[in-house]
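The values are calculated or read from the model by the stated rules, or taken from the named source; none is laboratory data. The model shown is predicted, which means the values in this text are computed figures rather than measured ones. We place every Cβ from the backbone using ideal geometry, glycine too, and count neighbours over all the protein chains shown.
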Amino acid sequence: MYIVMMLFALTSNFSIAATSVCIVLGVLVMLAQKICTGSLPDMDKGLVKMVGIYCVLQVLAALTSANPGETLGELWGTIYRLSPLFMGIGYLQTRRRMAWILVAFAVSVFVCDAMGAYQLVAWENYAPVGTTNDTAFYAAHLLMAIPIFYLMCRQDEGIFARRTIPAFMLVFSMVMYAVVSWGDWSWHMSWEAVLEQSSFVKIFMESGFIGLAAFVMLQGYILYRLVKLYQAEKSLSRSVNTVSYGMIGIWILAGIHLEGMTETSMLQVPIMREYWLLMGLLLAAGKLKLLEAGKVE
């Protein structure tokens, strides 16, 4: 599973097909473990239960929608894209492995940013899309990448002893985000047109109040767990010179959902997959950090 997560992180910013393959491989690993050992990893029971409730509520919302068949088909896609969350919370074994997965993620972002920089020079509209097909998707990728590069700059793992590269990627990605955001917003003519693209509006229109409530409930629970993790990490010795995994997760969640008030990027295939992979890794790495310090989460 570690290799699968490495491949997922490496291709997350530029290949939907590759991440689809990684999801399938991840499911096969889980099935093989279940068949061979009769059990699965000890995952966060509260989080697993909340995801289960979310799925049940989404099914109810789909069944009561105007077009149940179509809505159920889209729902399967949403549940399927949740699976990267369980890769992290179930199979991340050490924080050093987390660090190497972040290196693979950084390579993926660099490929996307390099393409975006080329487009900025070669294109006339100053609206690069990186390796995506839309400026909003590219901006969403960068919103998740910027906190991760900050985390890499503050990590205490040996492979990050030289922080010049993650610091460069942090600045590079911030500059590209500013450029991409300007290009994206320059196309909008009114607030009404902007709000029509909101992920929250789209969920409500497709799934009704039940679907929207389920979405908010799950994201609220993730935020709750990240805040609890941040508080637990803060209680560690002040001499520990590392940034909080919980804080980074809060930044990513806040950025994606604030953007989601004007864009539907959170509901797009590559964005949702990458988001859930990072959430699972951050929650798992934070738990490992607490265990190393002798703390009980």
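Select from the stretch 148-163 the residues that are touching a helix residue (DSSP H, G or I) at 6+ places or on another chain (Cβ under 8 Å) and farther than 20 Å from M6 by Cβ and write down the one among them that is modelled with the lowest pLDDT. It comes out as R163. Just so you know, in the stretch 76-94 the residues that are modelled with pLDDT under 90 and aromatic (F, W, Y) include one that is nearest to G249 (Cα to Cα), and it is Y80.
In the set K202, K234, only one residue is at pLDDT 80 or above and more than 29 Å from E74 (Cβ to Cβ); that residue is K234.
Of all residues in the stretch 183-199, those satisfying the criterion of being out of contact with any helix residue (DSSP H, G or I) (no Cβ under 7 Å at 6 or more places or on another chain) and either modelled with pLDDT of 85 or more or hydrophobic (A, V, I, L, M, F, W, C) (or both) are W185, W187, M189, W191, A193, V194. When I222 is tested against (1) modelled with pLDDT of 90 or more; (2) closer than 29 Å to L57 by Cα; (3) touching a Lys or Arg at 6+ places or on another chain (Cβ under 8 Å), only condition (3) is not met. Summed over the stretch 122-153, residues that are outside any helix (DSSP H, G or I) and touching a Ser or Thr at 6+ places or on another chain (Cβ under 6 Å) total 2. Out of Y126, Y177, Y138, one residue alone is over 29 Å from L25 (Cα atoms), crowded, with 17+ Cβ neighbours inside 10 Å and touching a helix residue (DSSP H, G or I) at 6+ places or on another chain (Cβ under 7 Å). It is Y177. Restricting attention to the stretch 25-40 and to residues that are surrounded by 11 or more Cβ atoms within 10 Å (Cβ to Cβ) and aliphatic (A, V, I, L, M), the residue that is modelled with the lowest pLDDT turns out to be L40. Looking at V216, V269, just one residue is within 17 Å of the chain's Cα centre (by Cα), at pLDDT below 90, closer than 30 Å to V180 by Cα and among the β-branched types (V, I, T), and that residue is V269. For the stretch 102-123, taking the residues that are of a type in the set (V, I, T), touching a residue at least 40 places away in the same chain (Cβ under 8 Å) and surrounded by fewer than 23 Cβ atoms within 10 Å (Cβ to Cβ), the one that is nearest to D44 (Cα to Cα) is identified as V103.
The helices (runs of 4 or more DSSP H) found wholly in the stretch 16-94 and carrying at least 3 residues that are in contact (Cβ under 8 Å) with a residue 40 or more places away in the chain, under 24 Å from I271 (Cβ atoms) and in contact with a helix residue (DSSP H, G or I) (Cβ under 6 Å, 6 or more places away or on another chain) occupy 16-37, 45-63, 83-91.
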